[in-house]
Amino acid sequence: MKVFLAEDDANISTIAKMALEQLGGHQVTHIDNGEKALEKLIAEGHTYDVILLDEMMPGLNGLAVCEQYTQQVAEVRPVIFLSAKSQASDVKQFEEHGRGYIPKPFDPTQLCQQIENILSSKKNRSAS
């Protein structure tokens, strides 16, 4: 699976990238800024299988990136938010704008499974 990871925290992005590549066998493209992420997604978003967006990034936050991305491209890929924000209102926004939400800190050994669970639960809900 090709994964687009937008995360500005160097430690978190390193851990996530290692988990996705080494444990999951995925190809990961990493960007550390919301504006750069949006530019790359508009240009190349169709080439990824899933998009992981940090909510709090410089330039644009994850929700703004997601909103603009979905408005500007025809072939929208699944978006999953990574965030330390865990209030019900935040989680509701993440789920309204994307496929789901993974709270930070996350367990690197479970990251790939969490992504798969979110992707498959949304497929099952939309098939019903």
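No value in this document is a laboratory result; all are computed from the given coordinates. These figures come from a predicted structure and were not determined experimentally. We place every Cβ from the backbone using ideal geometry, glycine too, and count neighbours over all the protein chains shown.
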Notebook entry, point to check: Which is surrounded by 17 or more Cβ atoms within 10 Å (Cβ to Cβ) and charged (D, E, K, R), of GLU39, GLU21, GLU95, GLU55?
Noted result: GLU55
Margin query: If GLN87 meets every condition in (1) under 14 Å from the mean Cα position of the chain (by Cα); (2) over 16 Å from PHE4 (Cβ atoms) apart from one, which number is that one?
Written below: (1)
Next item on the list: Sort out which residues of region 34-81 are under 10 Å from the mean Cα position of the chain (by Cα) and either of a type in the set (A, V, I, L, M) or over 22 Å from ALA19 (Cα atoms) (or both), and write them in order of number.
Entry: VAL50, ILE51, LEU52, LEU53, CYS66, VAL79, ILE80
Notebook entry, point to check: For region 24-36, how many residues are closer than 19 Å to ALA64 by Cα and buried (at least 19 other Cβ atoms within 10 Å of the Cβ)?
Noted result: 2
